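Student: Submitted below is the structure of interest, expressed as structure tokens.
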Amino acid sequence: MTGGEGSLGEAKTQMRDPIRSIVIVGGGTAGWMAATFLARRLAHLRLSITVVESSAIGTIGVGEATVPAIRDFFAAIDLGEADVLRETEATIKYGIRFADWKARGHDFFHPFGLYGVGAHGVAFHHYWLKLRAAGDTTPLGTYCLATQLAERGLFLPPVDRPANDLGVFNFAVHFDASKFAALLKRLALANKVAHIDARITDVARHGEDGRVTAVTLDSGARVEGDLWIDCSGFRSLLLGDALDVPFVDWRHWLPCDRAVAIPCTAAQVHRPFTTATATEAGWRWHIPLRHRVGNGHVYCSDFIDDADAEDGLLAALEGEALAEPNRIRFTAGHRARFWERNVIGLGLSSGFLEPLESTSITLIQSGLERLIPLFPDRACDPRLAATYNNQSVLEFERIRDFLMLHYSGNQRIGEPFWDHVRAIPPTDGLRAKLDAWRAAGEFVRREWDTFQDASWLSMYAGFDDLPARYSPLADHVADADLRDSLTRMRAAIDGTLAHAEPHAAFLARVHAGVA
């Protein structure tokens, strides 16, 4: 190729009409996460980023629990974890305790970590199943460091290169969502993000291709933009209202459609995990923060009325209520397209899955991470949107299937709501996973699975939904040798726990600035 041809080839791949401005509609957690992330990742493009939000419009503000991916988000925007813990009254989360889901009085734990150590190409759970078949009743969680840290109320940071799978674990955080949004706002403004406090009264669209070109504010001012990020919550001002992207309703799979949230004072020192407690027609969350406890009741209005659901939550509070009940109505599902023309929906504007596994914030994060490699020019090539939409829908579907497992595994026979959700036919994807597990104790891995094998294993074991057999390859190890090996694993975990400190002591060090 000659030099001239090379130059021509390079010219063809250059962005001919680059994005010059991004407008984020809505603040809250989603809006300010978008502002900080895009300001950091796109700083070299020297484009303008503006957040338009109205202080007169409230936010949901109850997204207090996260998954470990949030630590990657902190790193991506150069936000120190200690700063987050101090500024947002945060606590550590090693997983979720599920109470009364299988049956009343029964509980199990979904940890952010692996179980045991496999050998000879055989996964650890097959060895655990082999000993279980021989009469060993040691719980699976005994072989998970994250579970043991949570149950004993300890804190230990994960290491970068653990010696083996026993040391593979992670943590997330519980935080005050309003304080987190305020922290992100300060960081965004320091990174030259513009902020306009106003209500949007009109959305203007291009006459030929229908893309959004500007919004009119209640002050009469007009804000123009090339690329729009819709973080307007359930209103879905741009994606739903202006562009009329339909909503895909998943209530036939996930029938819970209401929630009520009430913070309260703490009456005890809490261990580092979220608790989800099954109720008559749904479940309650309990999220411990340093300055209060977040409480909520997610339920299905077909099986309980709002007053009874609220009374049940109030009766379960461990301390004095700190605010009036925040009542929320929702529909599980998502917009048919997350990216339409030059608008990308994030957070509630694009879809909603109940917070049973704390996925709301991580869906915002993954939506932003997907955007960067697909970042468009002003033409917004529809092939980019198609790729983004396919990935987004897959991610939602994978999480949906995992949430369905929480309901379908219940054994609360004779209770109308639980009988109903247990009878909901699984999706094809969930059926394939269940079949492989129940037949041979194997996991079906799928593209864009948020929850990996260990998470599925925790649910299967928690519901005592165990396979018909363990892998015959596990017979490579004799029972006596296997017992010795698992005994050593338990001793190794106990040895590691000796280096941990009480969760409360760790938080006190952080707030004292000595962590």
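Student: Can you give me the ranges of the strands (runs of 3 or more DSSP E) entirely in the stretch 202-248 with at least 2 residues that are farther than 15 Å from residue 380 by Cα?
Tutor: On the way: elements: 212-217, 222-224, 227-230.
Where strands (runs of 3 or more DSSP E) fall fully within the stretch 202-248 and carry at least 2 residues being farther than 15 Å from residue 380 by Cα, they are 212-217, 222-224.
Student: Read through the list (1) assigned to a helix (DSSP H, G or I); (2) in contact (Cβ under 8 Å) with a residue 40 or more places away in the chain; (3) over 17 Å from the mean Cα position of the chain (by Cα), then give the number of the only condition that residue 29 fails.
Tutor: (3)
Student: For the stretch 259-271, indicate whether the set of residues that are in a strand (DSSP E or B) and of a type in the set (Ser, Thr, Tyr) is non-empty. Break it down stepwise before answering.
Tutor: Just the residues of the stretch 259-271 that are in a strand (DSSP E or B), to begin with: 259-264.
Among the residues that remain, those that are also of a type in the set (Ser, Thr, Tyr) are: none.
Within the stretch 259-271, not a single residue is in a strand (DSSP E or B) and of a type in the set (Ser, Thr, Tyr).
Student: Just to verify a result, which residue in the stretch 338-372, among those that are surrounded by fewer than 23 Cβ atoms within 10 Å (Cβ to Cβ) and among the β-branched types (Val, Ile, Thr), is farthest from residue 31 (Cα to Cα)?
Tutor: Selected residue: 372.
Student: Next up: Mind listing whichever residues of the stretch 176-194 are crowded, with 17+ Cβ neighbours inside 10 Å and closer than 14 Å to residue 31 by Cβ?
Tutor: Selection gives 177, 180, 181, 183, 184, 185, 187, 188, 193.
Student: Let me ask something else about it. Tell me which residues, restricted to the stretch 71-107, are under 26 Å from residue 372 (Cα atoms), of a type in the set (A, V, I, L, M) and outside any loop (DSSP other than H, G, I, E, B).
Tutor: Residues satisfying the conditions are 75, 76, 84.
Student: Would you point out which residue out of 235, 251 is under 22 Å from residue 195 (Cβ atoms) and basic (Lys, Arg)?
Tutor: On the way: 251 fails: under 22 Å from residue 195 (Cβ atoms).
Residue meeting the stated conditions: 235.
Student: Would you mind stating whether residue 284 is modelled with pLDDT of 95 or more and closer than 26 Å to residue 149 by Cβ? Can you show your working first?
Tutor: Numbers: modelled with pLDDT of 95 or more: yes; closer than 26 Å to residue 149 by Cβ: yes.
The answer is yes for residue 284.
Student: I would also like to ask the following. Taking the stretch 464-515, which residues are among the polar types (S, T, N, Q), in contact with a strand residue (DSSP E or B) (Cβ under 9 Å, 6 or more places away or on another chain) and either surrounded by fewer than 14 Cβ atoms within 10 Å (Cβ to Cβ) or outside any helix (DSSP H, G or I) (or both)? First the steps, then the outcome.
Tutor: Pass one, the stretch 464-515, residues among the polar types (S, T, N, Q): 471, 485, 487, 496.
Checking which are in contact with a strand residue (DSSP E or B) (Cβ under 9 Å, 6 or more places away or on another chain) leaves us with 471, 485.
Result: 471, single match.
Student: Have a look at 173, 117 and point out the one that is out of contact with any Gly (no Cβ under 8 Å at 6 or more places or on another chain), assigned to a loop (DSSP other than H, G, I, E, B), modelled with pLDDT of 95 or more and surrounded by 20 or more Cβ atoms within 10 Å (Cβ to Cβ).
Tutor: Details: 173 fails: assigned to a loop (DSSP other than H, G, I, E, B).
Going through 173, 117 in turn, the sole match is 117.
Student: May I ask you to verify whether residue 456 is under 29 Å from residue 70 (Cα atoms) and buried (at least 19 other Cβ atoms within 10 Å of the Cβ)?
Tutor: On the way: under 29 Å from residue 70 (Cα atoms): yes; buried (at least 19 other Cβ atoms within 10 Å of the Cβ): yes.
Answer is yes for this residue.
Student: Same structure again: Only one of these is among the hydroxyl-bearing types (Ser, Thr, Tyr), out of contact with any Lys or Arg (no Cβ under 8 Å at 6 or more places or on another chain) and closer than 30 Å to residue 175 by Cβ: 496, 487. Name it. Walk me through it before giving the result.
Tutor: Values: 487 fails: closer than 30 Å to residue 175 by Cβ.
After applying the criteria, what remains is 496.
Student: Out of curiosity, is residue 309 within 26 Å of residue 107 (Cβ to Cβ), crowded, with 24+ Cβ neighbours inside 10 Å and under 24 Å from the mean Cα position of the chain (by Cα)? Give the steps one after another, and end with the answer.
Tutor: Details: within 26 Å of residue 107 (Cβ to Cβ): yes; crowded, with 24+ Cβ neighbours inside 10 Å: yes; under 24 Å from the mean Cα position of the chain (by Cα): no.
Against the criterion (within 26 Å of residue 107 (Cβ to Cβ), crowded, with 24+ Cβ neighbours inside 10 Å and under 24 Å from the mean Cα position of the chain (by Cα)), residue 309 does not qualify.
Student: Pairs please, first residue from the stretch 224-238 and on the phi < 0 side of the Ramachandran plot and of a type in the set (Asp, Glu), second anywhere and crowded, with 24+ Cβ neighbours inside 10 Å and not in a strand (DSSP E or B), Cβ atoms under 6 Å, 6+ apart in sequence or on different chains.
Tutor: Filtered contacts from the stretch 224-238: 230/238; 230/239; 230/349.
Student: Now for a different question. Out of 402, 417, 396, report the one residue that is of a type outside the set (Val, Ile, Thr) and touching a Cys at 6+ places or on another chain (Cβ under 7 Å).
Tutor: Details: 402 fails: touching a Cys at 6+ places or on another chain (Cβ under 7 Å); 396 fails: touching a Cys at 6+ places or on another chain (Cβ under 7 Å).
Of 402, 417, 396, the one residue that is of a type outside the set (Val, Ile, Thr) and touching a Cys at 6+ places or on another chain (Cβ under 7 Å) is 417.
Student: Something else: Restricting to the stretch 434-455, name every residue that is in contact with a helix residue (DSSP H, G or I) (Cβ under 7 Å, 6 or more places away or on another chain) and of a type outside the set (Gly, Ala, Ser).
Tutor: Of everything in the stretch 434-455, those that are in contact with a helix residue (DSSP H, G or I) (Cβ under 7 Å, 6 or more places away or on another chain) and of a type outside the set (Gly, Ala, Ser) turn out to be 437, 442, 443, 444, 446, 447, 448, 449, 450, 451.
The values are calculated or read from the model by the stated rules, or taken from the named source; none is laboratory data. No experiment lies behind these values; they were computed from the predicted model shown. Note that we place each Cβ from the backbone using ideal geometry, even for glycine, and neighbour counts take in every protein chain shown.
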